[in-house]
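Presented below is the structure to which this report refers.
Laboratory data are not the source of any read-out in this text; all were calculated from the coordinates shown. Model, not experiment: these values are computed from the prediction. In this analysis, Cβ positions are derived from the backbone assuming ideal geometry, glycine residues included, and neighbour counts consider all displayed protein chains.
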Ligand code: OKP
Ligand code: ZN
């Protein structure tokens, strides 16, 4: 399978994040993609499709904020990564905010998404990798393509970042597939965490189906989205939460429900948000998917026989990540 990746995606390197009340080293490290890229010697650098595909999903003011936030942070006399500490709740007044601290809160929903000097460039090329994967499938008739996205995207909404995500690569891919003529695009999200940003972007859009299998938000981040009763316009949203300790047998049953929903809906293109943080030894997650299970999952999804763009989301066991991702990708076609 062709794999898209731009070396600039490794330059984003926040130092730390607030985790369960403590500052810890940032989990979404550049080493993650170095290990995955090491498995695929023939990486393709994506061509630049420009801002159009990003603007099809994200608010223009949000994109401008992402590009300038770190220099505003430095101009405010701060050092290191820009990070917010106050977040406006619903029915907030969006005044014309000036201070970088106000904007960091306005455009994010958590403190686990710092902006470093190279964040914009990394996020931009991560999104371009996703666009290139869609273009490759559409233009060559290839069955699938893999965008080695990093930073990930599925927690980012139209005008907010969160959960290590800045630009929603899966959403950008889905809109680009529509732009190239696909009519019924399904997004399947198998990252351990619920893809709240993707859900949010398409919630009122009956032409894009979003299906997600993830840790129950009663126990896991992002808490406020991902519950089974969130169905979207025309039932175009399907959340399938699972408990801690889930192993492959239970996972496959739920995956069967997800695949049936996608096929019954009549999808003509699939965007797969693929997280490898369902792995038994993931440091921040609690499912028990084994290394050998990744090929099984991959083949089950490939059985849909849809043109597919796979975009990378999470996976934090850096030592095992390359092997797990390679097993999944190689089993797909
Ligand atoms: C991103 B993806 C505080 C706990 C929240 C955010 C987890 C984001 C996971 N650091 N951490 O879905 O793999
Ligand atoms: Zn995740």
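Using a simple spin-label model with pseudo-atoms 7 Å out from Cα toward Cβ, residue 97 and residue 265 lie 3.2 nm apart.
Here the convex hull built on the C-alpha positions of the chain has a volume of 121 cubic angstrom per residue.
With springs only between Cα atoms under 10 Å, which of 271, 98, 131 fluctuates most in a Gaussian network model of the chain? Evaluated over the chain, the most mobile residue of the options is 98.
Over the chain, DSSP H runs of length four or greater, each weighted -39,500 (n - 2.57), average out per residue to a 222 nm ellipticity of -11000 deg cm²/dmol. Highest GNM mean-square fluctuation among 114, 307, 206, for the chain modelled with Cα contacts below 10 Å: 206.
Over all projection directions, the Cα-based convex hull of region 100-147 averages an area of 4.6 nm². Exposure proxy for 277, 268, 96: other Cβ atoms within 10 Å of each Cβ, ordered fewest to most, give 96, 268, 277.
Taking every DSSP beta bridge with both residues inside the chain, roughly what % is antiparallel (nearest 5)?
Bridges in the chain are about 20 percent antiparallel.
Distance between the pseudo-spin-label points of residue 23 and residue 61 (7 Å out from Cα toward the beta carbon): 3.1 nm. Panel values: region 233-333, Kirkwood radius from alpha carbon pairs, Stokes-Einstein at 25 °C and 0.890 mPa s, translational diffusion coefficient 173 µm²/s.
Taking Cα atoms only, the orientation of helix 169-179 departs from the longest principal axis of the chain by about 70 degrees. Ranked for footprinting exposure by Cβ neighbours inside 10 Å, fewest first, 284, 257, 172, 36 give 257, 284, 36, 172.
In the chain, the longest principal axis of the Cα atoms and the axis of helix 293-302 are about 80 degrees apart. For the chain, the longest principal axis of the C-alpha atoms and the axis of helix 248-265 are separated by about 90°. Determine, at each q value in 0.21, 0.25 (inverse angstroms), the log₁₀ of I(q)/I(0) that the Debye formula gives when each Cα of region 51-104 is one equal point scatterer. The calculated log intensity ratios at q = 0.21, 0.25 Å⁻¹ are -0.89, -1.06.
Please give the length that would be gained between residue 231 and residue 143 if that part of the chain were fully extended, namely 0.36 nm times their separation in residues minus their C-alpha to C-alpha distance (nm, one decimal). Taking residue 231 through residue 143 to full extension adds about 28.7 nm, to one decimal.
Share of antiparallel DSSP beta bridges in region 127-274, in percent to the nearest 5? Just about 10 percent of them are antiparallel. Separation of region 192-245 and region 246-313, taken as the distance between their Cα centroids, equals 15 angstrom. Taking 17, 280, 64 as the candidate residues, the one with maximal mean-square fluctuation in a Gaussian network model of the chain, Cα springs under 10 Å, is 64.
Exposure proxy for 112, 285: other Cβ atoms within 10 Å of each Cβ, ordered fewest to most, give 112, 285.
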